[in-house]
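A short write-up of the structure that comes next.
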Amino acid sequence: MIDFSHSVAIVAVVAAVTAGLRFFPFFVFGGKRKTPEVVSYLGVALPPAIIAMLVVYCFRHATPTRYPFALPELIAGVAVAILHAWKKNMLLSAGGGTLLYMALLQRVFA
Amino acid sequence: MEKTIRTAFVKSLPVMAGYLALGFGFGVLAAQAGYGPLWVLAMSVTIYAGAMQYLAVDLLANHATLVATAVATFMVNARHIFYGVTMIDKYRNAGKYKPYIVFGMTDETYSLTCDGKSPEGTDFPRFAFWLTLFDHLYWIAGCVLGAVVGTLVEFDSRGVDFAMTALFVAVFVEQWKGTRRHRPALVGVAVSVLALLAFGPDSFLIPATLGICVVLIGGRRFFETKNEMETPTAQAVANDAAEKEGGR
């Protein structure tokens, strides 16, 4: 059962924290002051590292040591990478990869 | 349609496909967890953050505490602070457009605007505003559509959350191809895997984020080469959009 008020509160907290993070730098560094150098550096170097972290995060529940040995994740993940390197079409890579993963999970390694 | 809006629309087209697919996946997932189209509409309008909305379904389904919710949101979306940092000067004079642009600064919208450029004869903040709005509308449409289908049709949705994984893998590939400087991305992979092994799947995001920051700042001279550090996503996406426009 859905706990209505608690659910509303969770959605509100997620929305507020997300917006807060997006507005934060504009409040802190938005005045006349110049942005500290190290912050500018992180602004460039950090995004690729964070995307990499999110990829690892997405695979965190894969089980390489027991059946199905993370094979559905691995196969679909590699398929997405190849498709995207080749066609650069987000719908094709994300949509195709998801359908492939669902098929692998539900049929092949069921 | 006036030029600013038209060019913003054209530039937003690559995001349309991704957001419809990703939003659809989220909508189905939420609906199957008992949160129908109205919930999904409210979430996609007010939260508007892809990965976080997927995670929010987990939090909702598990009746997470508000403190745990706030911490999880902070960890997953902390990267947005750094997006904002790179846009402070570019949006300094954005005026009335600023609040909405900043609110809607998702990974994809950021990747399209972070070069701070807009087509000739158009005003950048106004261009960014429309781009943000188009992307937001695709996201809302995809999410609600998924929730409607997920509510009406009974089907085996196991694995649909892979849409989020697929998105990040694709963005990772795009960034990788858009730059010759791969060290920050490799640091991200290495530190995250180590943190995952050390702290386990449910609590490695905080140590991983901190570890990445420490390594990147500590090894700054190793990671930074002047004039070569660029914003790869923007680069890749801009090239991509240019190719598409050229082919029109």
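Kindly point out which whole DSSP H helices in chain B project their C-alpha atoms 18 angstrom or further along the helix axis while averaging a Kyte-Doolittle hydropathy of 1.6 or above.
Answer set is B:183-199, B:205-218.
For chain B, what does the alpha-carbon gyration tensor say about shape, rounded, prolate or oblate, given a ≥ b ≥ c as the root eigenvalues, a/c under 1.5 as rounded, and a/b over b/c as prolate? The partial results should precede the final answer.
On the way: a/c = 1.70, a/b = 1.07, b/c = 1.58.
It is oblate, given that a/c is not under 1.5 and a/b is not larger than b/c.
Checking the table A:87/B:3; B:96/B:177; B:117/B:177; B:11/B:90; A:34/B:177 against a 25 Å threshold on Cα-Cα, which pairs fail?
In this structure, A:87/B:3; B:96/B:177; A:34/B:177 exceed 25 Å between Cα atoms.
Kyte-Doolittle cut-off 1.6, length cut-off 18 Å along the helix's own axis using Cα: show which whole DSSP H helices in chain A pass.
Going by DSSP H runs, the hits are A:4-29, A:37-58.
Restricting to Cα pairs below 8 Å that are 6+ residues apart, what does the relative contact order work out to for chain A? Please round to a whole percent.
For chain A, the relative contact order is 15 percent.
With the dipole of the stretch B:3-178 worked out from charges on the C-beta (+1 for Lys and Arg, -1 for Asp and Glu) around the Cα centre, which of B:44, B:150, B:121 lies farthest toward the positive end?
Positive-end residue among those listed: B:121.
Go ahead and run the numbers for FRET between residue A:108 and residue B:93, Cβ-Cβ distance against an R0 of 51 Å, rounding to 0.05.
Plugging the Cβ-Cβ distance into 1/(1 + (r/R0)^6) gives 0.40.
Sorted from fewest to most neighbouring beta carbons within 10 Å, what does the list B:47, A:51 look like?
Details: B:47 22, A:51 27.
Fewest to most other Cβ atoms nearby, the residues stand as B:47, A:51.
Between residue B:210 and residue B:222, what length comes free when the chain is fully extended (0.36 nm per residue of separation minus the Cα-Cα distance, one decimal in nm)? Can you show the working numbers first?
Details: separation 12, 0.36 × 12 = 4.32 nm, distance 1.84 nm.
Length gained, residue B:210 through residue B:222: 2.5 nm.
Once the piece of chain linking residue A:9 and residue A:71 is laid out straight, how much longer is it, given 0.36 nm per residue of separation minus the C-alpha distance between them?
Between residue A:9 and residue A:71, full extension yields an extra 18.5 nm.
Set the Förster radius R0 to 41 Å, insert the Cβ-Cβ distance between residue B:190 and residue A:86 as r into 1/(1 + (r/R0)^6), and round the FRET efficiency to 0.05.
For residue B:190 and residue A:86, the calculated efficiency is 0.95.
Could you list B:139, B:39 so that the one with the fewest beta carbons within 10 Å of its beta carbon is first and the one with the most is last? Show your work: numbers first, answer last.
Numbers: B:139 28, B:39 23.
In increasing order of surrounding Cβ atoms, one gets B:39, B:139.
In deg cm²/dmol, rounded to 500, what helix-only [θ] at 222 nm does the protein assembly as shown give when every DSSP H run of at least 4 residues adds -39500 (n - 2.57) and the total is split over its residues? It would help to have the intermediate numbers written out before the result.
Working: 17 runs with 255 residues, N = 358.
Dividing the helical sum by the residues of the protein assembly as shown leaves -23500 deg cm²/dmol.
Pick from A:25, A:64, A:72: which residue has the top mean-square fluctuation in a GNM of chain A where Cα pairs under 10 Å get a spring?
A:25
Under the definition of partner shielding as Cβ atoms of other protein chains within 10 Å of a residue Cβ, what is the mean value for peptide B:182-192?
6
Rule-based calculations on the coordinates, nothing more; no lab input. None of the values given here were measured: they were computed from a predicted structure. Note that each Cβ is placed from the backbone with ideal geometry, even for glycine, and that neighbours are counted across all protein chains shown.
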